[in-house]
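Here's the structure, in structure tokens; my notes come after.
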Amino acid sequence: MDLIQLAPILITLKLALVTTLVLLVIGTPLAWWLANTQTRYKTPIEAIVALPLVLPPTVLGFYLLIAFSPEGVVGQLWSYISDDPLTFSFTGLVIGSVIYSLPFVVQPLQASFEGIGKPLQQAAASLGAKPLDIFFSVVLPLSYRGFFVAITLGFAHTVGEFGVVLMIGGNIPGLTQVLSITIYDHVEALEYSAAHIYSAALLLFSFIVLMVAYTANRKINIRL
Amino acid sequence: MAIEFKYKKSYPNFTLDCQFSIPGSGVTILFGPSGCGKSTLLNCIAGLEKTQQAYAKIGKTILDDKEKNIRIAVHDRRVGYVFQDSRLFSHKTVLENLLYGYQRLKQAEQNLDITQIFKTFSLDDLLGSYPHQLSGGQKQRVALARAILSRPCLLILDEPLSALDYSAKQELLPYIQTIHKEFSIPVIYVSHDIKEVLQLGDSIVLMKEGKIVDNGDLVDLCVSQPLLTEQEGASFILEGEVSKINEQEKISTVQCKEFELHLSGNILEEDQYVRILVHAKDVSLTLDKAEHSSILNIVPVEVIKIHPEKNGKHIIECCLEKTKIISVISIRSLNKLNIKPGLKLFAQFKATALVK
């Protein structure tokens, strides 16, 4: 058996990529809404979004497992869409990851939107721009730094996920077995040399991602 | 065309309750102490604020009518707004900023002579720059031109010069004067600076504690409401036309309604219309006409009212026929001259002409 398998790396990258994309699609309007709303539900919703920051991943994974099971609410709704179960599937993994990494995308975006503030939007509106137009012509270009941070953190955090994936994804090689779990397996089987290679690779990868992020952020800072 | 407004909005410890109309042309000054609700009122007019009662009409267009559930959205109102901070879009060039509103007009309305407007506001050399490369005065010029290019029916200028230094203010004033002359857009102008007010204003709306105290023609109102500028020290204004110029002594004679005024050092032209600003602290009162005084202007007046003032000073309101003249004097002078309503005195003062 080869010491190193490519599948876990590919699955990890695919999961991180898909999760980040989904998070951008969901997180952007959510962050925009949170940045602008005056409803009294804002605080509880912010708390819910932030929950994954403090909850043990196993707690989140446990509830997701129950919800995703064919008897669970989400599982039953899912059965109308697809014949495949949500648990122990890549789709289930993506949903779990999206929830788990939500604050890492929503919070920087929300901060960035709030930083732009009302004044510029009022100026744009008084010049005849409709709200969606303002979002795309003023808010989006001015919050690219927030997006950069959100994408980096969302991606990196998904790559580093373990507990939630283990709970709802199981450990199916070639389907739901991601890097962090592969390392765990190797350690369990006392295959330290393989664990070393994966761990070092993940360490290096994480370091490079953060380096790139910080360097780019600094360059943007200097340019502004 | 007239412009009508009626807004009511209550906060826990402040109520805005305004009803007034302004002419459909020229510059209307919105004047009042800070915290009196000017910005809230402007935001109501611009559609940025929700209110309990709202009615707004520009000519035949109704912007707000709460009773009929009409509230035109900000982006459809055609109310231009230039703020103290120019609020340019930092990621766009000057040209892109300028065209932001214009490109959002209907195709048929995009028929302004853009290059001419760039020229009017001296923007030709700035078009490729980004906002952070501009000075404060240049930014405001861009903001003004950007608002005009969006073809507003009404333009709000909220203290557009307040963030600028003296020379930048002087540089920008003529551009603001061109707005209603060249583009015939009615302007609501907020300012605390009495000089700006006199140089720009045609009519005035006086505001205090969320309510409109008075409104009407600027000069008429300032003559009958001389306490207008309490904040900067009371002052009053006069108006007239230059009747004579003595080149040698550099003195211009201005014919006001009831008397002649002599102004030194001002470069005026004959027959020119001028507004004259006099600070009440520059007006002294004498019982006899001083024959040997360095003061050029001495007019006979009658005391109408004595307003008690803080810090041992009193404002004495006098009149010469219909012209109001006010003076700030100490309690000692008040007692010494035994000033009472009805007393006839001479007022002597220095004055500054402001060209509108």
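The values are calculated or read from the model by the stated rules, or taken from the named source; none is laboratory data. Nothing here was measured: the structure is a model prediction, and the numbers come from that model. Ideal geometry is used to build each Cβ from the backbone, glycine not excepted, and the neighbour counts take in all protein chains shown.
The set of residues in region A:45-80 being acidic (Asp, Glu) and not in a helix (DSSP H, G or I) consists of A:Glu71 alone. Filtered by the rule that a residue be in a loop (DSSP other than H, G, I, E, B) and in contact with a helix residue (DSSP H, G or I) (Cβ under 6 Å, 6 or more places away or on another chain), region B:23-32 gives B:Gly26, B:Gly32.
Among B:Gly137, B:Gly59, B:Gly80, B:Gly101, which is the only one that is assigned by TED's automatic domain parsing to the domain that holds B:Ser21 and either over 26 Å from the mean Cα position of the chain (by Cα) or under 21 Å from A:Phe136 (Cβ atoms) (or both)?
Residue meeting the stated conditions: B:Gly101.
Selection of helices (runs of 4 or more DSSP H) fully inside region B:104-204 by the criterion of at least 1 residues being surrounded by 15 or more Cβ atoms within 10 Å (Cβ to Cβ), basic (Lys, Arg) and out of contact with any helix residue (DSSP H, G or I) (no Cβ under 7 Å at 6 or more places or on another chain) returns B:166-182, B:194-200.
In the set B:Ile325, B:Ile329, only one residue is under 25 Å from B:Asp220 (Cβ atoms) and part of a strand (DSSP E or B); that residue is B:Ile325. Restricting attention to region B:41-50, the residues that are in contact (Cβ under 8 Å) with a residue 40 or more places away in the chain and buried (at least 19 other Cβ atoms within 10 Å of the Cβ) total 4.
Residue by residue, here is whether (1) of a type in the set (Asp, Glu); (2) touching a residue at least 24 places away in the same chain (Cβ under 8 Å); (3) within 15 Å of B:Ala234 (Cβ to Cβ); (4) touching a helix residue (DSSP H, G or I) at 6+ places or on another chain (Cβ under 7 Å) holds:
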site	(1), (2), (3), (4)
B:Ile304	no, yes, yes, no
B:Ile315	no, yes, yes, yes
B:Cys318	no, yes, yes, no
B:Lys324	no, yes, yes, yes
B:Ser327	no, yes, yes, yes
B:Lys336	no, no, no, no
B:Lys344	no, yes, no, no
B:Ala347	no, yes, yes, no
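Within region B:32-42, the set of residues being touching a Phe, Trp or Tyr at 6+ places or on another chain (Cβ under 9 Å) and at negative phi comprises B:Lys38, B:Thr40, B:Leu41, B:Leu42. For B:Thr93, the conditions (1) surrounded by fewer than 19 Cβ atoms within 10 Å (Cβ to Cβ); (2) closer than 19 Å to A:Val138 by Cα; (3) within 11 Å of chain A (Cβ to nearest Cβ) all hold with the exception of (3). Do you know which residues across region A:7-44 are of a type outside the set (Phe, Trp, Tyr) and over 24 Å from A:Thr152 (Cβ atoms)? Matches in region A:7-44: A:Ala7, A:Asn36, A:Thr37, A:Gln38, A:Thr39, A:Arg40, A:Lys42, A:Thr43, A:Pro44. Condition check: within 14 Å of another protein chain (Cβ to nearest Cβ) and hydrophobic (A, V, I, L, M, F, W, C). Does B:Ile62 satisfy that? Judged against the criteria, B:Ile62 is not a match. Screening B:Ile62 with (1) buried (at least 19 other Cβ atoms within 10 Å of the Cβ); (2) assigned to a strand (DSSP E or B) gives one miss only, at (1).
Of the residues making up region B:191-213, those that are modelled with pLDDT of 85 or more and closer than 14 Å to B:Cys36 by Cα are B:Ser191, B:Val205, B:Leu206, B:Met207, B:Lys208, B:Glu209, B:Gly210, B:Lys211, B:Ile212, B:Val213.
Where helices (runs of 4 or more DSSP H) fall entirely within region A:104-218, those with at least 3 residues that are within 14 Å of chain B (Cβ to nearest Cβ) are at A:131-134, A:144-159. When restricted to residues that are in a helix (DSSP H, G or I) and over 18 Å from A:Ala150 (Cβ atoms), region A:17-44 contains 3.
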